[in-house]
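The values are calculated or read from the model by the stated rules, or taken from the named source; none is laboratory data. Just so you know, these numbers come straight off a predicted model, no measurement behind them. With ideal geometry, Cβ positions are generated from the backbone for all residues, glycine too; neighbour counts draw on all protein chains shown. Side chains are part of the model used for accessible areas, which takes the heavy atoms of the whole protein and leaves out ligands, DNA and RNA. Shrake-Rupley method; radii C 1.70, N 1.55, O 1.52, S 1.80 Å.
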Amino acid sequence: MCGIMAVKGVGAVNGVYEGLKNLEYRGYDSAGIAIKDCNGIKAFKSIGYISELEKTGVLDCSGGIAIGHTRWATHGGVTIENCHPHCSEDKKIWVVHNGIIENHKLLRSDVLAGVVFYGETDTEVIPKLIEQYYTGDVWQAFRSAIDKLNGSYAIVMMCEYDDKVYFARKSSPLVIGKGNGFVVSSDVNGLIDCSEKCVIEDNTLGYIDNNLHIYDKNTNKININWIAMDERSIEADKGGNEHFMIKEINEIPRALQSTYNSFLKSEVVLPDNISNVLLVGCGTSYHSCLMGKSYIERVAGIKSECVIASEFIYSNYIVREGTVGIFVSQSGETADTLSAIHKAKELGIYCIAITNVRESSITRICDSVLYIDVGVEVCVASTKAYTSQVLMLMLLSDVIARNLKCEGTCKEDVLGCNCGNCLEIRANEYNDLFNLDIKSYLSKVRGVSEEIVKKDKLHLIGKAVDYITALEGALKIKEVSYIFTDAYPSGELKHGTLSLIEEGSIVIAIATQGGILLDKSKNAIHEICARGGKCIIISQFPEEEFNEVIWCNDGKRCVKRGEYIPLPNLNSLLMPIVSIIPIDLIAYTVSVMKGYNPDKPRNLAKSVTVE
Ligand code: AGP
C-alpha cells in the first residue's frame, strides 16, 4: 500500500527518506520526495525500490520541509509521471496522497476543465484544485479543495506561499509524531525519533506551523491528544534473521503467550442472547475467521457464518436477530474490512474487532476490541498474527459459550470449565503451545522444500479444520514463492481435482483430526499416491499410521510416495494453531531457495488500504 511521509524541522530530507524505508514493507513500486528550501520546491522521483531514489541525489539536498511517498499503483501505470509528490500547474503546491479519489475524472472534466495534467493519477487533481481555489489564503484554498473530494484519502501538502504542512484524513490512516520537529506519516513505523504521537481522526484536517492544529469538517478546533510512542511499534528490526518472515515465524510461541495474556486482561463486551456470529476478514484474516466459525460452533454451539469482506460490502446480507459481527484484521487498516464494518453498523450489528495495531482505524469504528498483541508484523505474509488470531478466536468462543450457557462455577476458572460446554483445555496444555520448538521442524522442511522448489504447481488437502489450514497454507506458499498452489477438502479430490494428479505431483496433506476424519484423510492420501502423486503428510499421529497408504505398487515394485512431518500431539482444539507452522516454514524456505524476498512479495502490500 502507499506510504506517506512528511517532516517539518531539522533533518527533514533524511527523516523522510528513512521514514519511507520503514514503510517499504507495505509494498510499493515507485517513490518520490519533494523538498522546500529558500529557493522553492524541488522533487526527486524513481521507479522501483527506494534505494533507486538515492541515485537521484536527493540526500545531497536540505530544506526545512520535505514530503515523500511510496506508491503502490492503482490509477495509472508505474511511471515517473505518476509517481508522487504531485504538483499544481505553477509547481508551487505539492501533495502526497494515500487512498482513492473516486470523483477524480469528474473533477478533471468539470472544475479543472482546461487544466493541463502530466499524469494519469487520481491524486493529481488535489494540488490543481488547491491552485484553482488559491486567492491568497492557503488554508481556505486547502479546505475548499478537500471539500470537493469523494473517496478515501490521507493527504499532506506543502507550498511556496508559507512554511506550513497541511494535512487531511478520510478513511486512510494518518499519524503525526513530535520529536525535533513534526513528522507526518501513514504508518506509525514512519515516526522515527519521535517521543510522542497523535493519531489523526477520520474526517479531520489541519496544519502544522510551530504547533499542530486540527479541525473537524466544520472547522471546529479539535483537542490534540499526544500519546507516548509505544516502544513495541519501533522494534521492527530483523534481530539477526535474514528476513522478517523467519523472525516472525520463530516468534510464534512468544506471540501466542502474548495473545493469551492480552485476552486475560481484556474486557470484551458481548450483547445478550447471541444466536448468530458473522465473521468477516480478508486473505489470511478470512482464514482465521473460518477457524473462528469452527470453534464457535463446536465450543459455543451456535450458528456462525464467514464472509470475505470485499464480498460482504456488496452483498444483500440478511441480518438475523441476535447477530454479532467479528471483524479480523492484523493491520486494522484494510479498506475492504473497514467498509464491511461500516455496512454492518448500518445494519445494526454489534461489531467486535480482533486486531494487532493499537489506534488503528478498526479500533475506532468497532464496539469492542481484542488485541492479539504479537508485536509488529513486518513481513507481508502473515504468520504470527494468523496463529494468534486463531488462538484469540478460540478463547473468544469460550467467552461466547459462557455468556450463553454457564453461570456460577465457570466464572472462577478462566479457561478450563466443568460445565461440559466450554473449552476443555487445561492451563498446562497452553504451556505446550507457548513452548513450541519451531526449529525442530527445520530439517524435515528443508528436505521437502528441495522437492517443492522444482514444481510449478502444488496442492494442499485437509478435512474439516485441516481444510482451513490447507487454504491458509496455499495462500502462504503462493504469495512468497509464486508457485501456483491450490487447496481442496480431502473429500473433494475424487469429484474433479484428482484429474490434476499425475506422476510427480506434490500434495501437502494435513491430518490432525482423529477418528473417522483420519480414516477419510488416509483414503485421500492413498488416492493421490496410487496415481503417482507424492504426499507430504503433516500430522501428530504416528508415521506408521500412514504406511499402508503411502507405499504403492508402481507395476514393478513397491515404492514409498510420502514424506512425514510430525506435529506435537496437543489438545485437538489447539492443533489448528500448530499445523500451519511447518507450512509457513516451507513457504519461507522455498521462497528463499528461489531467490525471492519473502518479506516483500511482488504486487502485494502489507496493508491494502484501498478497496
Ligand atoms: C496474508 O499473508 C496476506 N498478506 C493478506 O492476505 C492479508 O492477510 C490480508 O490483506 C488482510 O490483511 P489484514 O489482516 O491486515 O486485514
Next on the checklist: Please list, short to long, the whole-number percent of alpha-carbon pairs of the stretch 25-129 in consecutive 5 angstrom bins beginning at zero.
Outcome noted: 2, 13, 23, 24, 19, 12, 5, 2, 0
Checklist entry - So which chymotrypsin sites (Phe, Trp or Tyr not before Pro) in the stretch 83-140 are both in a DSSP loop and have at most 13 other Cβ atoms within 10 Å of their Cβ? => result Y118
Checklist entry - So what's the back-of-envelope 222 nm ellipticity for the chain, counting only DSSP H runs of four-plus at -39500 (n - 2.57) apiece and dividing by all residues, rounded to 500? => result -9000 deg cm²/dmol
Checklist entry - Taking the simple approach of a point 7 Å from Cα along Cα-to-Cβ for both D60 and E160, what is their distance in nm? => result 2.3
Next on the checklist: Sequence gap at least 6, Cα distance under 8 Å: using those rules, report the relative contact order of the stretch 120-176 to the nearest whole percent.
Outcome noted: 25
Checklist outcome for this item: Relative contact order of the stretch 14-150 (C-alpha contacts under 8 Å, at least 6 apart) in percent is 20
Checklist entry - In Å², what does the accessible area per residue of the chain work out to with a 1.4 Å probe? => result 38
Next on the checklist: Within 14 Å, Cβ to Cβ, of L278, how many net charges do the neighbouring residues add up to if Lys/Arg are +1 and Asp/Glu are -1?
Outcome noted: -1
Checklist entry - So which chymotrypsin sites (Phe, Trp or Tyr not before Pro) in the stretch 253-353 pass both tests, a DSSP loop state and at most 16 other Cβ atoms within 10 Å of the Cβ? => result Y314
Next on the checklist: Let me check something: with ligands and nucleic acids excluded, how do V590, V269 order by accessible area (1.4 Å probe), largest to smallest?
Outcome noted: V269, V590
Checklist outcome for this item: Charge dipole of the chain built from unit charges on the beta carbon (Lys, Arg +1; Asp, Glu -1), centred at mean Cα; most positive-end Cα among I506, Y317, V608 is I506
Item to check | Residue-level accessible surface for E492, protein heavy atoms, 1.4 Å, Å² | outcome: 90
Checklist entry - Toward the positive end of the charge dipole of the chain, about the Cα centre and with charges on Cβ (Lys, Arg +1; Asp, Glu -1), which of G177, Y482, S329 goes farthest? => result Y482
Next on the checklist: Students sometimes get this wrong: rank Y596, Y488 by accessible area, probe 1.4 Å, all chains present, largest first.
Outcome noted: Y596, Y488
Checklist entry - How much accessible surface area, in Å² rounded to 10, belongs to the heavy atoms of I80 with a 1.4 Å probe? => result 70
Item to check | Phi to ³J(HN,Hα) by Karplus 6.51 cos²θ - 1.76 cosθ + 1.60 over the stretch 395-404, Hz, x for Gly, Pro | outcome: 5, 5, 4, 6, 5, 5, 4, 5, 4, 8
Checklist entry - ³J(HN,Hα) across the stretch 324-331 via Karplus (A = 6.51, B = -1.76, C = 1.60, θ = phi - 60°), whole Hz, x for Gly/Pro? => result 10, x, 10, 10, 10, 7, 4, 7
Checklist entry - Which whole-Hz ³J(HN,Hα) couplings does the stretch 572-587 yield from phi under the Karplus relation 6.51 cos²θ - 1.76 cosθ + 1.60, θ = phi - 60°, glycine and proline marked x? => result 4, 5, 8, 4, x, 7, 8, 6, 7, 4, x, 6, 4, 5, 4, 4
Checklist outcome for this item: Quick tally, 1.4 Å probe accessible area for K455, K8, sorted with the most first, runs K455, K8
Checklist entry - How long is the gain from I365 to S109 if the chain were fully straight, where each residue apart is worth 0.36 nm and the alpha carbon distance is subtracted? => result 88.7 nm
Next on the checklist: Under the 0.36 nm per residue contour assumption, what length would be gained going from the current alpha-carbon distance of D147 and L264 to full extension?
Outcome noted: 37.7 nm
Item to check | In the stretch 287-325, GluC sites (Glu not before Pro) in a DSSP loop with at most 11 other beta-carbon atoms within 10 Å | outcome: E321
Item to check | Spin-label zone in the stretch 520-557 - amide nitrogen under 20 Å from a point set 7 Å from the Cα of K457 along the C-beta vector | outcome: 524-536
Checklist entry - How big is the gap, in Å, between the Cα center of the stretch 282-300 and the Cα center of the stretch 358-382? => result 17
Item to check | Sulfur and carbon atoms: percent of accessible area, the chain [1.4 Å] | outcome: 48
Item to check | Between the stretch 583-603 and the stretch 565-580, the alpha-carbon center distance in angstrom | outcome: 23
Item to check | Counting DSSP beta bridges with both ends in the chain, the antiparallel % (nearest 5) | outcome: 60
Checklist outcome for this item: Convex hull around the C-alpha positions of the stretch 258-321: the volume in Å³ per residue is 108
Checklist outcome for this item: Measure of exposure for S62: accessible area at 1.4 Å probe, Å² rounded to 10, is 90
Checklist outcome for this item: The answer for E305, listing residues at least 5 apart or on another chain whose modeled amide H is closer than 5 Å to its amide H, is V277, L278, L279
Checklist entry - Using Cα atoms only, what is the angle between the long axis of helix 12-22 and the major principal axis of the chain, expressed in degrees (0 to 90) to the nearest 10? => result 20
Checklist entry - Counting pairs of alpha carbon atoms under 8 Å apart in space and at least six apart in sequence, what relative contact order in percent does the chain give? => result 12
Checklist entry - Counting pairs on different chains as well as pairs 8 or more places apart, how many Lys pairs in the stretch 1-88 have Cα atoms under 17 Å apart? => result 7
